[in-house]
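**Student:** Below you'll find the structure I mean.
The values are calculated or read from the model by the stated rules, or taken from the named source; none is laboratory data. In this text the structure is predicted, and so the values were computed from the model without any measurement. Here Cβ is always computed from backbone atoms with ideal geometry, including for glycine, and neighbour counts include all displayed protein chains. What goes into the accessible areas is simple: the full protein's heavy atoms, side chains included, and nothing from ligands, DNA or RNA. Shrake-Rupley method; radii C 1.70, N 1.55, O 1.52, S 1.80 Å.
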Amino acid sequence: MTIAPAQAPVRVEGLHLIRHGASGPEDLVTDLSFDLPRGSALALVGESGSGKSLSALAIMGLLPQGVQVAGGTVSLFGQDSSRLSKRDWRRLRGTRLAMIFQDPMTSLDPCFKVGAQIVETILAHEDISRADARARAIELLEQVQIPDPQARLHAYPHELSGGLRQRVMIAAALALRPEILIADEPTTALDVTTQAAIVSLVDDLRRDLDLGVLWITHDLGVVSQLADRVAVLYAGEMVECATKDEIFAAPRHPYTVGLIDSARVREPGIPFGLIKGSVPEPGAWPTGCRFAPRCPIAQDACATHPLASAGEEHMTRCHFPGKAVLQ
Ligand SMILES: Nc1ncnc2c1ncn2[C@@H]1O[C@H](COP(=O)(O)OP(=O)(O)OP(=O)(O)O)[C@@H](O)[C@H]1O
Ligand code: SF4
Ligand SMILES: [Mg+2]
């Protein structure tokens, strides 16, 4: 008897997000599919406006006003997320699914001491004493390597450095022992050394806690440090997805090749962006391959929109995969 592999806690299938523009609905994200198993780290990379944050927010059930799911499904722990009630979502967020952002003040309240914020989060969800919740808060601050955690419990967020605030935000996100952590560029505003320390911390936590991590970034240096799989987004769609080793050694999509080439000639920690031109705005995507206006090897066939290669470990969306090569 063969046993089917368990479904990943996060499964995105054919996700389609739209907004309503002046001349009707506009696609923002189309045909997005990926799995996020526990203990794994998937990096979502792509230029500004490619749809990374909206995809993450769709998983969290936190899409901003004006953006809607027009198709596809997000399954969370085996359940179709479109069927979850508000109560289900409240239970899920924090407890099984947590998210951290670039600005820690999106998650931390400036008016409360950091210890109180973590303790109240625990008490709101778990039936334990305040003393136990406080002990757990100290343990969490230790886990994210905050020096002198007892004293730091009494600090207000503004009294901490940027790096410490990010660590507190991670501690707060982990307070309820989630299985999945979604990180939307949480280190972009930090200096390179602090950024590397935070990335390495999350990598350790992933191993120790068997966390599934979805990490959104512009920085291929972060990708190489953290990810085991990489998904490259361009103009609202995934154009390539493979293991990190495959992506860096043998990228197949011309856009990925361009990203890696750009990153090579820049300092580590500096975002990519040397590919000529920019990502077209939603509503202005070419009907054929969306990358065609910037692609160095575009041909007539590229006037037809390429489909994602199906059933392969190394997915590409290009009529000529592997034709553009790293110099
Ligand atoms: N609330 C909104 N209403 C309408 N359009 C939106 C909204 N939020 C984002 N968009 C549009 O959706 C597209 C994708 O946005 P998203 O924020 O997901 O990009 P991103 O890849 O995260 O970019 P960045 O790297 O700059 O954070 C962009 O064109 C953006 O202008
Ligand atoms: S489909 Fe054509 S235009 Fe698009 S990336 Fe591939 S080669 Fe370039
Ligand atoms: Mg974003």
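**Student:** Within the set of pairs 6+ apart or on separate chains, which have a first residue in segment 50-73 that is within 16 Å of ligand 2 (Cβ to nearest atom), a second that is open to solvent by 10 Å² or more (accessible area, probe 1.4 Å), and C-beta atoms under 7 Å apart?
**Tutor:** Ser50/Val279
**Student:** When only residues in segment 33-62 that are part of a loop (DSSP other than H, G, I, E, B), more than 8 Å from ligand 1 (Cβ to nearest atom) and not hydroxyl-bearing (Ser, Thr, Tyr) count, which is most open to solvent (accessible area, probe 1.4 Å)?
**Tutor:** Filtering segment 33-62 for residues that are part of a loop (DSSP other than H, G, I, E, B), more than 8 Å from ligand 1 (Cβ to nearest atom) and not hydroxyl-bearing (Ser, Thr, Tyr), the one most open to solvent (accessible area, probe 1.4 Å) comes out as Arg38.
**Student:** Does segment 195-218 contain any residue that is on the phi > 0 side of the Ramachandran plot, in a loop (DSSP other than H, G, I, E, B) and in the same structural domain as Met238 (by TED's automatic domain parsing)?
**Tutor:** Filtering segment 195-218 for residues on the phi > 0 side of the Ramachandran plot gives 210.
Applying the additional criterion that residues be in a loop (DSSP other than H, G, I, E, B) yields 210.
Narrowing the set further to residues that are in the same structural domain as Met238 (by TED's automatic domain parsing) leaves 210.
Yes, there is a match, as at least one residue in segment 195-218 is on the phi > 0 side of the Ramachandran plot, in a loop (DSSP other than H, G, I, E, B) and in the same structural domain as Met238 (by TED's automatic domain parsing).
**Student:** Please work out which one of (1) open to solvent by 10 Å² or more (accessible area, probe 1.4 Å); (2) touching an Asp or Glu at 6+ places or on another chain (Cβ under 8 Å) is the condition Gly212 fails and give its number.
**Tutor:** Only one criterion in (1) open to solvent by 10 Å² or more (accessible area, probe 1.4 Å); (2) touching an Asp or Glu at 6+ places or on another chain (Cβ under 8 Å) is unmet by Gly212, namely (1).
**Student:** Tell me yes or no: at least one residue of segment 83-94 is open to solvent by less than 60 Å² (accessible area, probe 1.4 Å), outside any loop (DSSP other than H, G, I, E, B), touching a residue at least 60 places away in the same chain (Cβ under 8 Å) and out of contact with any Asp or Glu (no Cβ under 7 Å at 6 or more places or on another chain).
**Tutor:** For segment 83-94, residues open to solvent by less than 60 Å² (accessible area, probe 1.4 Å), outside any loop (DSSP other than H, G, I, E, B), touching a residue at least 60 places away in the same chain (Cβ under 8 Å) and out of contact with any Asp or Glu (no Cβ under 7 Å at 6 or more places or on another chain): absent.
**Student:** Given the structure, is Gln195 open to solvent by less than 10 Å² (accessible area, probe 1.4 Å), within 29 Å of Ser50 (Cα to Cα) and of a type in the set (S, T, N, Q)?
**Tutor:** Judged against the criteria, Gln195 is not a match.
**Student:** Hey, another quick one. Looking only at segment 95-119, how many residues end up being open to solvent by 30 Å² or more (accessible area, probe 1.4 Å) and either more than 24 Å from Ala189 (Cα to Cα) or of a type in the set (Val, Ile, Thr) (or both)?
**Tutor:** Of the residues in that region, 4 qualify.
**Student:** Moving on to the next point. Could you please find all residues in segment 281-327 being within 16 Å of ligand 3 (Cβ to nearest atom) and open to solvent by 30 Å² or more (accessible area, probe 1.4 Å)?
**Tutor:** First pass over segment 281-327, keeping only residues within 16 Å of ligand 3 (Cβ to nearest atom): 281-282.
Result: Glu281, single match.
**Student:** Is it true that Ala133 is closer than 15 Å to Pro104 by Cα and not assigned by TED's automatic domain parsing to the domain that holds Gly51? Quick ask: steps written out before the conclusion?
**Tutor:** Working: closer than 15 Å to Pro104 by Cα: no; not assigned by TED's automatic domain parsing to the domain that holds Gly51: yes.
For Ala133, the condition - closer than 15 Å to Pro104 by Cα and not assigned by TED's automatic domain parsing to the domain that holds Gly51 - is not met.
**Student:** Give me the residue from segment 272-312 that is at pLDDT below 90 and in contact with a helix residue (DSSP H, G or I) (Cβ under 8 Å, 6 or more places away or on another chain) and, out of that set, farthest from ligand 1 (Cβ to nearest atom).
**Tutor:** Lys276
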